[in-house]
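One structure is given here, and the rest of the page talks about it.
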Amino acid sequence: MALSVRSWVANEGGKHLVLVLWLGANTLLFMRTFLLYYCGQQYHYLHQMLGLGLCISRASASVLNLNCSLVLLPMCRSLLTYLRGTHTVTSRKARRLLDKSKTFHVACGVAICVFSVVHVSAHLVNVVNFSVRYSEDFPSLNVARYRGEDPRLIILTTVPGITGILLVLILFLMFTASSYCIRVSNYEIFWYTHNLFIVFYIILIVHVVGGALKYQTNFEAHPPGCLRANQTNPEESGQAEGDGWSCREEARFQPNSPETWLWVSGPLCLYCAERLYRYIRSNSPVTIVAVVRHPCDVIELRMLKKDFKAYPGQYIVLNCPSVSSFENHPFTLTACPTEKKETLGIHLRVVGDWTERFTELLLPDPGAESEILPMVQQRRYPKLYVDGPFGSSSQEVFNYEVSLCVAGGIGVTPFACVLHALLDGWRHFRLRRLYFVWVCRELQSFYWFAELLCALHHKNISEERYRPLSSRMMIGRPRWKLLFEEIGRTNKHKRVGVFCCGPKGISRTLHRLCNSDRYSGTTFEFNKESFS
């Protein structure tokens, strides 16, 4: 399949530009710090003692400082939602970059892990060199207490050594628990270990307090390698015979000032302020109005929350203390509060321990199909807290003149809210044509939103409830190429927004088709639903 340059730039250009800038910043910072410790006069004697281990450890530390500050920013969900919903980010391309926040978070996390390995390896070499190359001339430069001291003892008796071990252990737990298999099989492990980042940042700030590495403060009065008053052999100073000069004073050394807090304090304070804001906003429990059991283990939940405003395509985060006090799970809104209806709704599929326990609390009777109780009886439901709403790529459906929405299974939830909004009135939106494809394995899955789909076709469903729905169903896998070609011919020279929420197989296929050049000048802009 031929690649279209125009489509590639539209879909991949922005994120690759950010990637290049991020890689460039990391590379520049690494090289700048490496050269500082390799060539800087103030680190001459320390470099003589430690060699390349010094340069590599400090250069990797600079990269770690950068990424430890950046990794928090994509997780500021409220800030990203604010930027998306205001005129601050007016460009659609810029708003689409906000959808890559989770990807950028993962990239920074991987960089932290990789450069942590480099940093630790270089410092292990440094510890050995501190022991083997113990300096008799400059005792204050040493970390070891005597020549030949056991490097393991140096690690276990210094602040950088002890905190470094703790940081490695925490990072290992966070990295391994973030793997896909653990997140799918046991989300609780991922959630609890990931929240160790608070401990990680506290130890990280303490890590550099030990002052193991020192720099020379008087290299003008004591040029590196000069002949001291009691030195008679020029070879001892590394100078060629006849090239030495006398020192005016002995070399003095001072520990490096801690810099990590300068990098991470700003993003850390911003993140903590946002979490405090979100805690206050979600502090009052919502009122559960209705619970409906749908086919294929799907539960519909209708709730009421005071002063809650949301837009189609956004999602919320639920917390049920009766299930778990600390776990929070994201769910796309399938119904937003409007002037006519104040309730908000979600559809959740029962997969995993959390949803199973939550469903048991909502519907204790397994045979119950639904439960709509008077307000005075709401006490039987568990307490439920809602955080949000938060922005997602599906909000952009209305900002295209033509949009294609593709859902796989329960991935229909963001588009259900979009369709509800179109029923309420579409003339104030930019959207003029919407293609909607919903792929399900079981026929019963289409009953989740049967009334909604039938209402969109302006059919009367009072007699034969789902007959209009059957006329729009097709058995077998969608023929994506033919669909894109048809949309391309119908909407020549337009930008079509393609929105996908479903399995990776469908997502990869749509992404590849959006970058191809077979659609009569039509540009397809790919948008993938992803919770951050």
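The values are calculated or read from the model by the stated rules, or taken from the named source; none is laboratory data. Being a predicted model, the structure only gives us computed values, none of them experimental. Here the Cβ is made from the backbone with ideal geometry for all residues, glycine too, and neighbour counts use every protein chain on show. What goes into the accessible areas is simple: the full protein's heavy atoms, side chains included, and nothing from ligands, DNA or RNA. Shrake-Rupley method; radii C 1.70, N 1.55, O 1.52, S 1.80 Å.
Some notes on this structure:
- Efficiency of FRET from Cβ geometry, Ser257 and Val117, R₀ 30 Å, rounded to 0.05: 0.70
- In terms of distances greater than 22 angstrom between alpha carbons, the cross-link table entries Lys340/Lys528; Lys102/Lys481; Lys102/Lys528; Lys305/Lys340; Lys306/Lys341 yield Lys340/Lys528; Lys102/Lys481.
- To the nearest ten degrees, helix 14-39 and the longest principal axis of the Cα atoms of the chain are 10 degrees apart.
- Seen from every direction in turn and averaged, the convex hull around the alpha carbons of segment 476-520 projects onto 3.3 nm².
- A simple count of charges around Lys504, restricted to other residues whose Cβ falls under 13 Å of its Cβ and scoring Lys, Arg +1 and Asp, Glu -1, yields +2.
- Rounded to the nearest Hz, the phi-derived 3J(HN,Hα) couplings of segment 406-421 under the Karplus curve 6.51 cos²θ - 1.76 cosθ + 1.60 (θ = phi - 60°) are 10, 10, x, x, 5, x, 6, 4, x, 7, 4, 5, 4, 5, 4, 5, where x marks glycine and proline.
- Dipole of the chain computed with +1 at Lys/Arg Cβ and -1 at Asp/Glu Cβ about the Cα centre; of Leu171, Leu80, Leu64, farthest Cα towards the positive end is Leu80.
- A Förster radius of 56 Å combined with the Cβ-Cβ distance from Arg248 to Cys181 puts the calculated FRET efficiency at roughly 0.30.
- Reported label for calculated Kirkwood radius over Cα pairs in Å given (i) 27.4; (ii) 24.7; (iii) 25.4: (i)
- Near Tyr215, the amide H atoms lying under 5 Å from its own belong to Gln254, Asn256; only residues 5 or more places off or on other chains count, and H is placed 1.01 Å from N.
- Dimensions (Å) - segment 1-47, Cα atoms, principal axes, largest first: 59, 17, 10
- Shape box of segment 249-325 [Cα atoms, principal axes, largest first, Å]: 84, 31, 27
- Note, ³J(HN,Hα) from phi for segment 185-198, Karplus 6.51, -1.76, 1.60, rounded to Hz, x at Gly and Pro: 7, 8, 5, 4, 4, 4, 5, 5, 5, 5, 6, 6, 4, 5
- In the distance distribution for segment 130-211, Cα-Cα pairs more than 14 Å apart total 69 percent.
- On the principal axes of its alpha carbon atoms, segment 386-450 extends 35, 32, 20 Å, with the longest extent given first.
- The 3J(HN,Hα) values that the Karplus relation (6.51, -1.76, 1.60; θ = phi - 60°) gives for segment 350-358 are, in residue order, 7, 9, x, 5, 5, 5, 5, 5, 4 Hz. Gly and Pro appear as x.
- Thr334 long-range amide H proximity, modeled H, under 5 Å: Gly345, Ile346, His347
- Amide H contacts under 5 Å for His222: none, restricted to partners 5 or more places along the chain or on a different chain, H placed in the peptide plane at 1.01 Å from N.
- Cα centre as origin, Lys/Arg/Asp/Glu Cβ charges: the chain dipole, Debye: 2280
- Two-site FRET efficiency, Arg508 against Leu124, from Cβ-Cβ distance with R₀ of 30 Å, rounded to 0.05: 0.15
- 1.4 Å probe accessible area per residue over segment 1-157, in Å²: 51
- With Cα atoms, 0 to 90° folded angle of helix 480-490 axis to the chain main axis: 70
- Positive-end residue of Ser445, Cys405, His420, charge dipole of segment 388-457 with Cβ unit charges: Cys405
- Distance between the modelled labels on Arg6 and Arg380, one decimal in nanometres: 6.1 nm (7 Å Cα→Cβ projection).
- Per-q log10 I(q)/I(0), segment 17-83, q = 0.14, 0.22, 0.28 Å⁻¹ (Debye; single scatterer per alpha-carbon; no solvent): -0.53, -0.89, -1.12
- Protection proxy ranking, peptides 202-213, 476-487, average beta carbon neighbours within 10 Å, highest first: 202-213, 476-487
- According to the Cα-based calculation, Rg over Rh for segment 68-218 is 1.12, with Rh computed by the Kirkwood formula.
- Near Lys306: Cβ cut-off under 14 Å, other residues only, Lys/Arg at +1 and Asp/Glu at -1. The net charge is +1.
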